[in-house]
């Protein structure tokens, strides 16, 4: 599972994944706090 950082869309990563058919890249939506368990912890107010 990858976010949409530029490094995750690099040609070198895409070619590596293409060479290894057992790997599958799943990209997260642009903003998905429900899929990021750390999101709730950062929003907690002390």
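No value in this document is a laboratory result; all are computed from the given coordinates. Nothing here was measured: the structure is a model prediction, and the numbers come from that model. A quick note on method: Cβ atoms are made from the backbone with ideal geometry, for glycine too, and the neighbour counts reach across all protein chains shown.
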Two pseudo-spin positions, 7 Å from Cα along C-beta at residue 31 and at residue 3, lie apart in nanometres by 1.4 nm
The residues 26, 17, sorted from fewest to most surrounding Cβ atoms within 10 Å, come out as 26, 17
